[in-house]
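Right, one structure below, let's go through it.
Just so it is clear, none of the values below were taken in a lab; they were calculated from the coordinates. Because the structure is predicted, anything quoted here is derived from the model rather than measured. In this analysis, Cβ positions are derived from the backbone assuming ideal geometry, glycine residues included, and neighbour counts consider all displayed protein chains.
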Amino acid sequence: MKKLFLLASFLFAVLTIQAQGLVTPQPSPSSKISQKIGLAEVSVAYSRPSAKNRVIFGDIVPFGKIWRTGANSPTKIKFDEEVIFEGNKVPAGEYSLMSFPDKDQWTIVINKDTKGNGAFTYQESDDVAKFTVKSVKLTQHVESFSISFSDLGFNSATLELAWEKTSVRIKLENKVDEKIAKQIEKLTAPTRDASLFFNIAAYYYETNQKNDEALAFVTKATDMAPRYWTLQMKAKIQARANDFAGALATIDKSTELATKDKDDAYVNANAKLKAEWAKKKK
């Protein structure tokens with residue numbers, strides 16, 4: 001009787017699983033990463049197969065053949081503004097990210113078909129960008145296929161694909177200068193805002209452009225509301241224009257205000273800048 005009860009319980013469990021559908025972890029788990037690059041939000045959705053002591057490139061992933069660059073389903077990349085892939089402009093949208101791995105270089109494909117099955121339904125006519133990048137041999141083993149962002153700059157980043165002991169790096173850019181110039185023109189039309197003027201000057205300084213305009217904006221900011229951080233920025237811009245006498249005078253004003261506020265970090269930073277500029281003044 002007990003055996004019949006156990007058998008009935010087992011059959012009931014099996015039937016329940018079959019009815020409901022068995023949910024188990026994926027062998028190649030799905031992943032999603034996102035990164036702000038310039039003014040563009042870039043996201044990548046992909047699955048991460050593992051090496052499991054296998055030779056990957058040249059075997060599991062053949063050289064010279066289209067690869068969906070992941071597992072389970074096509075890897076998708078999405079961005080809300082135009083992004084430049086290794087010099088290739090791609091309009092905002094969602095795309096499949098595929099590749100042709102080879103021994104020393106990979107051909108990367110940005111393809112507009114996101115509904116198909118990646119490599120199995122690939123049509124070259126759907127490519128919006130196609131370019132080659134060098135592959136690099138890694139010293140450390142990467143067990144699970146990985147896509148990541150690195151080398152983050154003001155308007156650029158690197159998209160890195162790595163697995164086993166191979167890595168490829170793709171430069172991404174989002175050109176922002178023209179858009180920011182339009183923002184500046186609009187925001188400064190009748191506006192007089194010290195913080196806005198400072199932010200514009202800092203933007204020009206950090207991107208190493210329009211030094212005369214940067215000085216004009218930061219001067220407006222410091223005239224309206226002198227703060228030790230705005231004065232330090234003005235001094236840096238003056239120094240970039242080789243006006244070291246002006247920079248030294250401005251940095252002294254910054255140090256005076258920073259000392260009153262007991263901001264030792266700025267006081268120390270100003271001292272280093274002053275010493276550097278004093279040498280150049282001579």
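For segment 26-173, the Kirkwood radius over C-alpha pairs fed into Stokes-Einstein at 10 °C and 1.306 mPa s yields D = 104 µm² per second. Directionally averaged projected area (segment 103-176, Cα convex hull): 6.4 nm². Compared with the dominant Cα axis of the chain, that is its longest principal axis, helix 228-240 is turned about 80°. Only DSSP H runs of four or more residues enter the estimate; each adds -39500 (n - 2.57), and after division by the residues of the chain the mean residue ellipticity at 222 nm equals -12000 deg cm²/dmol. Dividing the alpha-carbon radius of gyration of segment 177-281 by the rule-of-thumb value 2.2 N^0.38 Å gives 1.08. About its Cα centre, the dipole of segment 210-253 is roughly 140 debye, where the only charges are +1 on Lys and Arg Cβ and -1 on Asp and Glu Cβ. Exceedance of the 25 Å cut-off in Cα-Cα distance is limited, within the set LYS112/LYS171; LYS32/LYS103; LYS52/LYS137; LYS130/LYS175; LYS236/LYS280, to LYS32/LYS103.
Placing unit charges on the Cβ atoms of the charged side chains and taking the dipole of the chain about its Cα centre, the candidate lying farthest along the positive direction among ALA245, GLN35, THR139 is THR139. Inter-label distance, LYS89 to SER146: 3.5 nm, where each label sits 7 Å from its Cα along the C-beta direction. Remark on segment 202-259: hydrodynamic radius 11.0 angstrom, per the Kirkwood mean of 1/r across alpha carbon pairs. Place a point 7 Å from Cα of SER156 in the direction of its Cβ. Which residues in segment 23-54 have their backbone N less than 19 Å from it? Within reach of a label on SER156: 35-42.
Listed by Cβ neighbour count within 10 Å, with the fewest neighbours leading, TRP277, TRP163 appear as TRP277, TRP163. How large, in Å, is the chain by the Kirkwood hydrodynamic radius built from its alpha-carbon pairs? In the chain this quantity evaluates to 23.5 Å.
When both segment 81-118 and segment 170-223 are represented by their alpha-carbon centers, they are found 33 Å apart. In this rough spin-label picture, where each label sits 7 Å from Cα along the Cβ direction, the GLU256-ASP126 distance is 6.8 nm.
The mean sequence separation of alpha-carbon pairs under 8 Å and at least six residues apart, normalised by the residue count of segment 26-173, gives a relative contact order of 22 percent. Between ARG169 and THR139, full extension at 0.36 nm per residue minus the direct alpha carbon distance yields a gain of 9.2 nm.
When we measure straight from the Cα of LYS210, which aspartates and glutamates land under 18 angstrom away, once same-chain ones fewer than 8 places off are left out? Those aspartates and glutamates meeting the cut-off are ASP177, GLU178, GLU185, ASP243.
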